[in-house]
Amino acid sequence: MKAFRFAMLAAGALLCAGCIRSKAVITSDPSEAMVWWNDTYRGRTPIEIPFIWYWKYKVDIEKEGYEHQTHTEFLRTRPWLIEPLQFLAEALPFRISDTRELHYTLKKKETP
């Protein structure tokens, strides 16, 4: 009977588990620059882009009158999210946020 109660308690805890929410917050100076995330247009700065995989991402920033910029961002896994700790973090009854802030300063185009 105790084993059944424990199993039900464990199953209930897993059903109520939170999860890890990862996002990149992209800002620019000046603001309102267009953002492409892995060659997909996502909007204008400031913008929040959720991501699932910890890997490298291509970020293109463009605004009229400013030079186009391309960056490769390596979004590495936080130490507390490496296996087996990630499994435990996923099982916690609340959400864990992992926010990466990326800021770009655009340079004005030179006019001849």
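None of the figures in this text is laboratory data; all of them are computed from the coordinates on show. In this text the structure is predicted, and so the values were computed from the model without any measurement. In this analysis, Cβ positions are derived from the backbone assuming ideal geometry, glycine residues included, and neighbour counts consider all displayed protein chains.
Odds and ends about this structure:
- Consider segment 31-43 and keep the residues that are assigned to a loop (DSSP other than H, G, I, E, B) and on the phi > 0 side of the Ramachandran plot. The one that is surrounded by the fewest Cβ atoms within 10 Å (Cβ to Cβ) is 39.
- Listed by first and then second residue, the pairs with beta-carbon distance under 7 Å, at least 6 apart or on different chains, first residue in segment 20-33 and closer than 28 Å to residue 79 by Cα and touching a residue at least 60 places away in the same chain (Cβ under 8 Å), second among the polar types (S, T, N, Q) and loosely packed, with under 13 Cβ neighbours inside 10 Å, are 21/97; 23/99; 25/99.
- Within segment 44-65, being outside any loop (DSSP other than H, G, I, E, B) and either farther than 17 Å from residue 99 by Cβ or aromatic (Phe, Trp, Tyr) (or both) holds for 44, 56, 57, 58, 60, 61, 62.
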